Amino acid sequence: QRCVAYQKAADLSAVPGTAQAGVSAELRSALDVEKKLDELYQTYGRLFVARNEAGLGEFDRAAASLAEQATLARRRVAERFSALRSEAKQAAGDWPALPEPSPKPLALAPNGQPNQILIGTRSPFTHFGLEEPLTINKLHSLSMLYDMPDQKEPGKYAPKVTFDLWQKLKDAGATHASIATAFALHDKQMAPAWFLEKLRDDPDLLMASADGAKLKPPDKYAASLNIWRPEVRQMTADLVAGVAGAFRDQPQFPFYVTSAENIGPYFACEVGVRSTGYNPSALPDFHAWLKGRYKDISDLNRQWKATYARFEDIQPPQDLCLAGEWKRPHPLGYEFQSWREDRHVAWLKLIYDAFKKADPAKPVLADHSGVLRSVDGSRLFDTCDILSVHMRSPHFMLASIYTYSMNRFARKQLGQYECFWGCQEDLPRIAEEKAQRCAMMKYLYRLTIWGRHLQIWWYAYTSADYLLSYNGNWFNPVYDLTTLRYCAAALPVGKAKVKRLEDVFLNSS
């Protein structure tokens with residue numbers, strides 16, 4: 001269309017919403033089709049809400065007529081483009097045509113390198129068929145955390161629920177599914193039922209707040225576990241080995257997901273968030289950290305202008321989540337924060353290393369949303385093969401450029417596991433089809449250009465309440481599940497476009 005406008009100028013004054021001159025009759029026809037499509041979509045909504053079955057016959061006739069007009073407009077644009085190519089050959093030679101990519105089986109190398117741009121989905125299985133037009137549901141997602149309540153004793157991990165769910169997905173038509181775990185999920189750590197039962201008799205197995213604030217209750221599959229306790233670390237390493245052992249020889253599961261929306265070295269209480277590091281069992285490790293940072297206690301006293309007799313006399317500062325800000329200078333606060341962040345990254349790396357030891361052939365994707373806020377992004381590449389970062393606008397683009405730049409050094413892979421295009425710049429226009437179509441295409445192109453070659457687009461439909469607060473779905477809830485939003489067509493169209501350039505994207509840096 002742009003080519004037509006450049007080559008065959010015409011008056012644009014009669015076309016609403018345009019400012020530059022030079023549009024063809026073919027482009028005018030395409031714009032007219034779009035206008036009628038928008039009108040028809042709204043007409044359907046009015047008929048549906050009013051339960052006006054009598055009006056559906058007229059709607060069907062208008063839809064059939066519009067389909068013919070759209071087909072004709074596409075053919076005319078293709079014919080004009082072909083003619084333009086012939087005209088341009090005299091001045092610029094032949095225009096090389098990008099070949100269609102050959103279909104190939106999905107493959108991820110152990111380091112996370114994909115053999116193609118991979119675009120999949122995470123969505124309720126009940127809506128699998130409704131996603132078919134989007135061309136993304138062959139690569140799906142499974143959550144294996146629902147097996148945790150059935151794990152009644154150590155060393156006997158059995159993912160029966162996950163395999164049952166996979167059979168349903170396979171029967172529906174999926175060929176692959178990622179394995180999402182609750183390791184380092186939000187502020188919690190995944191744990192089997194037999195371990196969660198121990199929490200009643202040993203409260204130090206859970207994180208402790210500096211002010212005694214009560215933790216949120218554990219889930220059926222995870223809790224805010226104290227990562228300084230050897231029992232927690234051993235249980236986690238054993239559980240990872242059990243999970244990876246169960247899925248190791250299953251090629252239909254191409255990668256694992258950890259650290260979903262991990263909030264860093266913090267945990268949730270019934271009121272607010274608190275910092276880790278205040279358990280009595282964590283204090284000796286903080287003292288060991290200080291001993292490694294300073295030659296002796298006199299060296300620390302000299303640099304801090306303090307008078308401690310022993311390292312063991314040093315107590316943690318007030319929780320910054322409560323203090324808001326420490327009085328400066330604050331060498332104690334600086335060291336305490338540095339120690340907490342270091343140990344948190346080491347915990348994430350423990351999980352990653354355990355996966356790579358038990359199943360070295362599968363990559364691990366870490367799905368973060370706290371980069372630039374509460375997680376040290378500079379070290380996250382040490383905890384995964386594929387780093388995923390999702391954030392709302394305006395932080396999304398900043399985080400994309402940040403992770404891409406950091407990865408120039410790390411040489412890992414980038415991806416996007418929780419892919420909601422609708423919470424970017426155009427969020428206030430959630431109900432506008434044209435705006436959301438453009439937002440979706442823009443988001444897809446941004447992901448691909450900034451190196452995220454594994455993308456999982458979330459929720460064709462969800463019953464969660466955020467369905468109404470930002471657009472991560474492909475259905476307008478006003479219309480129920482009777483028709484796709486017409487902005488949804490942008491994804492398969494945009495996907496086809498980036499796939500034609502995938503060799504360039506995959507082999508450039």
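The values are calculated or read from the model by the stated rules, or taken from the named source; none is laboratory data. Keep in mind that this is a model prediction, so the values were computed, not measured. As a convention, Cβ positions derive from the backbone with ideal geometry for all residues, glycine included, and neighbour counts pool all protein chains shown.
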task = For region 235-296, please list each of the strands (runs of 3 or more DSSP E) lying entirely inside it that holds at least 3 residues being at pLDDT below 95 and closer than 28 Å to Asp211 by Cβ.
result = none
ask   = Take the residues of region 146-194 that are of a type in the set (Gly, Ala, Ser) and assigned to a loop (DSSP other than H, G, I, E, B): which is surrounded by the most Cβ atoms within 10 Å (Cβ to Cβ)?
value = Ala184
task = Would you point out the residue of region 402-438, among those that are out of contact with any strand residue (DSSP E or B) (no Cβ under 9 Å at 6 or more places or on another chain) and assigned to a loop (DSSP other than H, G, I, E, B), that is surrounded by the fewest Cβ atoms within 10 Å (Cβ to Cβ)?
result = Arg411
query = Gln424 is checked against (1) touching a residue at least 24 places away in the same chain (Cβ under 8 Å); (2) touching a Leu at 6+ places or on another chain (Cβ under 9 Å) and fails just one. What number does that condition carry?
reply = (2)
note = All conditions in (1) modelled with pLDDT under 85; (2) in a helix (DSSP H, G or I) are true of Thr483 except (2)
query = Quick check: anything in region 469-490 surrounded by fewer than 18 Cβ atoms within 10 Å (Cβ to Cβ), closer than 30 Å to Tyr256 by Cβ and not hydroxyl-bearing (Ser, Thr, Tyr)?
reply = no
key: Residue in region 94-145 that is modelled with the lowest pLDDT, counting only those that are surrounded by fewer than 20 Cβ atoms within 10 Å (Cβ to Cβ) and β-branched (Val, Ile, Thr)   = Thr126
request  = Could you check how many residues of region 339-374 are within 19 Å of Phe286 (Cα to Cα) and in contact (Cβ under 8 Å) with a residue 40 or more places away in the chain?
outcome  = 9
task = Collect the residues in region 116-131 that are in contact (Cβ under 8 Å) with a residue 40 or more places away in the chain and over 18 Å from the mean Cα position of the chain (by Cα), keeping them in residue-number order.
result = Gln116, Phe125, His127, Phe128, Gly129, Leu130, Glu131
key: Matching option when the condition is within 18 Å of Ser393 (Cα to Cα) and in contact with a strand residue (DSSP E or B) (Cβ under 9 Å, 6 or more places away or on another chain), among Tyr466, Tyr443, Tyr459   = Tyr443
Where a residue in region 191-217 is more than 27 Å from Met144 (Cα to Cα) and its partner, wherever it lies, is among the aromatic types (Phe, Trp, Tyr) and surrounded by 15 or more Cβ atoms within 10 Å (Cβ to Cβ), with Cβ under 7 Å and at least six apart = Ala208/Tyr278; Ser209/Tyr278; Ala210/Tyr278
